[in-house]
Amino acid sequence: MAVWALLAFWVVVGLGVFLVALRGGRRRRSGPDGAGGDSRSSRRLTYISVAAILLVFGVALPAIVLATNGDDQRKKGPGGVDLNAAQANGRQLFAQNCSTCHTLRAVNAVGRVGPNLDQLRPPKELALNAIEQGRARGGGQMPADLVAGTDAQDVAAFVAAVAGR
């Protein structure tokens, strides 16, 4: 919708410039009172038209875009996956705690130390086990309990929902 609105704005601006150019500018014409130029009503119509265009494209259109583009985008995952509240929280926690080591396209993470989760596609249980125990039984590069409790559940649910999509 935003693309069409932007396109419509520039079409209206272009037509306005074209129509002003066709008018040929101000002409000196003598009326019965000797005054030249445009009539008062045509100038008033021009001012009202410009004000209406500015009001529509400067106030109404941005208000519509802001109203229709709220928090819905925060809960969208890759591949059309709709995230629930726990998974959306998991995405934020993953970005803060895990994205430096793991690769996961859903958060634009390109870590090189840990495994690529898009290729591994771990189920929730495996992801939760890795979070709670670390890898290589805690003696590896991934320490245990980077996140704990419901946060660990949320991260595991998020990874299981979006990995490889």
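The values are calculated or read from the model by the stated rules, or taken from the named source; none is laboratory data. Every value quoted in this text rests on a predicted model; they were computed, and no experiment measured them. Don't worry about glycine lacking a Cβ; one is built from the backbone with ideal geometry, like all the others, and counts go over all protein chains shown.
Taken together, A160, A148, A152 contain a single residue that is in a loop (DSSP other than H, G, I, E, B), out of contact with any Ser or Thr (no Cβ under 8 Å at 6 or more places or on another chain) and small (G, A, S), which is A148. Taking (1) in a helix (DSSP H, G or I); (2) farther than 16 Å from A161 by Cα; (3) touching a residue at least 12 places away in the same chain (Cβ under 8 Å) in turn, R91 satisfies each apart from (2). Here is a list: K124, K75. Which entry is in contact with a helix residue (DSSP H, G or I) (Cβ under 6 Å, 6 or more places away or on another chain) and at pLDDT below 80? The match here is K75. Out of the residues in region 131-141 that are farther than 15 Å from S99 by Cα and in a helix (DSSP H, G or I), state the one that is modelled with the lowest pLDDT. For region 131-141, the residue satisfying everything is Q133. Inside region 82-110, can you point out the residues that are surrounded by 15 or more Cβ atoms within 10 Å (Cβ to Cβ) and hydroxyl-bearing (S, T, Y)? Correct list: S99, T103.
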